[in-house]
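The values are calculated or read from the model by the stated rules, or taken from the named source; none is laboratory data. Keep in mind that this is a model prediction, so the values were computed, not measured. With ideal geometry, Cβ positions are generated from the backbone for all residues, glycine too; neighbour counts draw on all protein chains shown.
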Amino acid sequence: MFRTSRTMAALAAALVFALAPGGVFADAGHGKASEEDDHGDARMIETMRDAHRDHEHGHDFEAMEEMSPEQATRMINLMREVGLALPPMNAGRGRALFVDKGCVVCHSVNGVGVDIGPSLNAADMPSPMNAFEFAARMWRGAPAMTAMQEAEFGNVIDLSGQELADLIAFAHDAEEQKKLTAEQVPERFRDRLEE
């Protein structure tokens, strides 16, 4: 399938950047880069180099320069289809989900919400973001969370993989969290915030 080590290096480099917050596919949705991203190839590669400068092992970021935006999109889509890539992470959608799904009833972000569960302030999150570690922490807390959801809502909150990715992005994005206000919390949850 992949004919050269440079192709594999390009694949790895594309994955590293595509999955990073603010990466090519972080906010684009459905595996399509935004128009702004089409013009940011040089910036993208330099950002990746900076992020990995301290690594003892090397990455062949030059291989990325040989890829067109269409090739990068096809590669990321293939990686998603075969289970090698996460869905694009969008902190804005995550903010909407945080209030719409009712996460705000048990978790707070910058003082908005309730502190039954741990706060999800980006400033308190490990850096760099590790989506798998975040999901593992949720898994460890799942029995308490599902019991609380049953008590509060009468059912367990259902999240897709995309929704979980977006919530994780929101939990790590201080700028997006600044946009959260109590007024965004749906009326059906507001009485729970005042208890």
Checklist entry - When the residues of segment 95-106 are filtered to those that are touching a strand residue (DSSP E or B) at 6+ places or on another chain (Cβ under 8 Å) and of a type outside the set (F, W, Y), which remaining residue is surrounded by the fewest Cβ atoms within 10 Å (Cβ to Cβ)? => result C106
Item to check | Filter result for R95 (more than 18 Å from P186 (Cβ to Cβ), in a helix (DSSP H, G or I) and assigned by TED's automatic domain parsing to the domain that holds E187) | outcome: no
Checklist entry - If you go through segment 108-122 one residue at a time, how many are over 15 Å from D173 (Cα atoms) and under 18 Å from the mean Cα position of the chain (by Cα)? => result 0
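Okay, residues lined up against (1) under 14 Å from P118 (Cα atoms); (2) in contact (Cβ under 8 Å) with a residue 24 or more places away in the chain; (3) acidic (D, E):
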residue: F132; (1), (2), (3): no, no, no
residue: R140; (1), (2), (3): yes, no, no
residue: A147; (1), (2), (3): no, no, no
residue: E150; (1), (2), (3): no, no, yes
residue: I157; (1), (2), (3): no, yes, no
residue: Q162; (1), (2), (3): no, yes, no
residue: A171; (1), (2), (3): yes, yes, no
residue: E176; (1), (2), (3): no, yes, yes
Checklist entry - Within segment 86-94, can one find any residue that is surrounded by 12 or more Cβ atoms within 10 Å (Cβ to Cβ), over 23 Å from R192 (Cβ atoms) and touching a Leu at 6+ places or on another chain (Cβ under 7 Å)? => result yes
Next on the checklist: Being modelled with pLDDT of 95 or more and either under 30 Å from R74 (Cα atoms) or surrounded by fewer than 16 Cβ atoms within 10 Å (Cβ to Cβ) (or both) is the requirement here; does L180 meet it?
Outcome noted: no
Checklist entry - For segment 122-172, which helices (runs of 4 or more DSSP H) that fit wholly inside it have 3 or more residues that are in contact with a Lys or Arg (Cβ under 9 Å, 6 or more places away or on another chain) and either among the aliphatic types (A, V, I, L, M) or under 29 Å from R80 (Cα atoms) (or both)? => result 161-171
